Amino acid sequence: MRAYNFAAGPAILPEEVLKQAQAELLDYQGTGMSIMEMSHRGKEYSAVHAETIANIKQLLNIPEGYSVLFMTGGASTQFALIPMNLLGAGQTADYTNSGAWAAKAIKEAKLLGSVNIAADCGKEIPTRVPSVDELKLTDGAAYLHITSNETISGAQWKVFPEHETLIADMSSDILSREIDVSKFGLIYAGAQKNLGPAGITLVIIKDELAKRCPETVPTIMKYTTHIENNSLFNTVPTFPVYMLCLTTRWLLANGGIAGMQQRNEEKAEKLYAIIDESDFYTGTAVKEYRSNMNVTWRLPTEELEAQFIAEAAAKNLKSLKGHRSVGGIRASIYNAFPAEGVDALISFMKEFEAQNG
Ligand SMILES: Cc1ncc(COP(=O)(O)O)c(C=O)c1O
């Protein structure tokens, strides 16, 4: 039996995607071998690589002048590559601090150059992301970095700031809602939440921006290298790209990003409604910034939280424990998470409250 898996990442994948990968695992399209056993420059893998890029361009309506890259080292590596490539000597980069992930990006940037914290609500409880009008931006900043969805606290930017060079960590909400890519210089996301298994990082970058990189940056760490080599400068993690290919096909077949956004909003609204109706459950994030991907809340005591998590798991509602740094409950309901799973969680929450409230 498949579990209702609320894990924050690595996270649930669409069942159809897993089934197709399983069906093709030993013999990919009559070749007698798995896609992961083939050359990353061969005919079969090349077709997968090209289709994945084309599907992402179609799903996000990516304009001309942008490249779609598959990189390694997770979103955490991007925390360092962004300032290495884009924060020139003598320049300042603006960063917003919205919580744990933004703080990690800031820490790396500070190792490499001058950073201005344009807004700081990283430690506020209840948690939120900054509002556009509270940003204190630096004139002529190299870029503005935001974390579009804070996976741990469950706070999400609903309206993005306008900036000449806006950079966003979209690790936990990429492909979950419609965005205007032309408003961004660079978007990045680790794959293991909305895209596929861990192992690749999706980067969408404006080609012009990549050219800023100083010559002294090592070749493999330059965005231009990956753009010029179509993400095949070295051996790309072929299986994760293949899985991403299947996920993008599944997205296209299920209403694209607009369809996903609608289903994600419906799932999240239902769950927040039950939290708001109750005096027993307390939401962690400020209402207007609540994430549609990671729904976080508390119970009256930590003992009740532990009991809630254990009883839920026994009912096949798995991985509801909040991040180890903050505790509480977190239900990650990414694209692939089925609406029936949210309904099952809501029934359990009502039952649990009736018995323990
Ligand atoms: C918003 C956000 N940024 C960055 C990361 C780090 O990603 P990775 O583990 O791929 O380096 C995570 C991981 O959970 C995340 O949620």
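Note on region 155-179: among residues that are more than 26 Å from Met243 (Cα to Cα) and crowded, with 24+ Cβ neighbours inside 10 Å, the one that is nearest to the chain's Cα centre (by Cα) is Gln156.
The number of residues in region 307-326 being over 18 Å from Lys123 (Cα atoms) and either at pLDDT below 95 or in contact with a helix residue (DSSP H, G or I) (Cβ under 7 Å, 6 or more places away or on another chain) (or both) comes to 7.
Set side by side, the residues Ala100, Ala89 differ, and just one is touching a Pro at 6+ places or on another chain (Cβ under 9 Å) and either crowded, with 20+ Cβ neighbours inside 10 Å or in the same structural domain as Ile204 (by TED's automatic domain parsing) (or both), which is Ala89.
Residue check: is Ile329 assigned by TED's automatic domain parsing to the domain that holds Lys267, in contact with a Gly (Cβ under 7 Å, 6 or more places away or on another chain) and closer than 28 Å to Ile125 by Cβ? Let's see the steps before the verdict.
On the way: assigned by TED's automatic domain parsing to the domain that holds Lys267: yes; in contact with a Gly (Cβ under 7 Å, 6 or more places away or on another chain): yes; closer than 28 Å to Ile125 by Cβ: yes.
Yes, satisfied.
The set of residues in region 38-60 being assigned to a loop (DSSP other than H, G, I, E, B), in contact with a helix residue (DSSP H, G or I) (Cβ under 7 Å, 6 or more places away or on another chain) and closer than 16 Å to Ser231 by Cα consists of Ser39, His40. Determine whether region 159-170 contains at least one residue that is closer than 19 Å to Ser332 by Cβ, in contact with a Ser or Thr (Cβ under 8 Å, 6 or more places away or on another chain) and near the ligand (Cβ under 9 Å from one of its atoms). Within region 159-170, one or more residues are closer than 19 Å to Ser332 by Cβ, in contact with a Ser or Thr (Cβ under 8 Å, 6 or more places away or on another chain) and near the ligand (Cβ under 9 Å from one of its atoms).
Condition first: within 16 Å of the ligand (Cβ to nearest atom) and part of a loop (DSSP other than H, G, I, E, B). Now tell me which residues in region 99-141 satisfy that. Within region 99-141, Gly99, Cys121, Gly122, Arg128, Val129, Pro130 meet the criteria. For Ala210, the stated conditions do not hold, so it cannot be described as out of contact with any Phe, Trp or Tyr (no Cβ under 9 Å at 6 or more places or on another chain) and either farther than 25 Å from Asn55 by Cα or not aromatic (Phe, Trp, Tyr) (or both).
Of all residues in region 156-204, those satisfying the criterion of being hydrophobic (A, V, I, L, M, F, W, C) and in a loop (DSSP other than H, G, I, E, B) are Trp157, Val159, Phe160, Met170, Ile174, Leu175, Ile179, Phe184, Ala191, Leu195, Ala198, Ile200.
Given the residues Tyr45, Tyr4, Tyr66, which is the only one that is hydroxyl-bearing (Ser, Thr, Tyr), touching a strand residue (DSSP E or B) at 6+ places or on another chain (Cβ under 7 Å) and within 30 Å of Leu209 (Cα to Cα)?
Tyr66
Whenever a residue of region 112-127 is free of Cβ contacts under 8 Å to residues at least 40 places away in the same chain, its partners that are of a type in the set (D, E, K, R) and part of a strand (DSSP E or B), lying with C-beta atoms within less than 7 angstrom and at least six residues away or across chains, give the pairs Asn116/Asp94; Ala118/Asp94. Hey, does region 43-54 have a residue that's within 16 Å of the ligand (Cβ to nearest atom) and crowded, with 20+ Cβ neighbours inside 10 Å? No: zero hits. Can you pull out the residues in region 180-216 that are under 22 Å from Ile152 (Cα atoms), among the aliphatic types (A, V, I, L, M) and buried (at least 18 other Cβ atoms within 10 Å of the Cβ)? Answer for region 180-216, where residues must be under 22 Å from Ile152 (Cα atoms), among the aliphatic types (A, V, I, L, M) and buried (at least 18 other Cβ atoms within 10 Å of the Cβ): Ile187, Ala189, Ala191, Leu195, Ile200, Leu202, Val203.
Let's see how each residue does on (1) at pLDDT 95 or above; (2) surrounded by fewer than 18 Cβ atoms within 10 Å (Cβ to Cβ); (3) in contact with a helix residue (DSSP H, G or I) (Cβ under 7 Å, 6 or more places away or on another chain):
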{"site": "Gly74", "(1), (2), (3)": "yes, no, no"}
{"site": "Ala93", "(1), (2), (3)": "yes, no, yes"}
{"site": "Lys104", "(1), (2), (3)": "yes, yes, yes"}
{"site": "Lys107", "(1), (2), (3)": "yes, yes, no"}
{"site": "Leu111", "(1), (2), (3)": "yes, yes, no"}
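For region 113-147, how many residues are polar (S, T, N, Q) and surrounded by fewer than 15 Cβ atoms within 10 Å (Cβ to Cβ)? The qualifying residues number 1.
Looking across region 205-221, the residues that are touching a helix residue (DSSP H, G or I) at 6+ places or on another chain (Cβ under 7 Å) and in a loop (DSSP other than H, G, I, E, B) come down to Lys211, Arg212, Cys213, Val217.
The values are calculated or read from the model by the stated rules, or taken from the named source; none is laboratory data. Since the model is a prediction, treat every value here as computed from it, not as a measurement. Ideal geometry is used to build each Cβ from the backbone, glycine not excepted, and the neighbour counts take in all protein chains shown.
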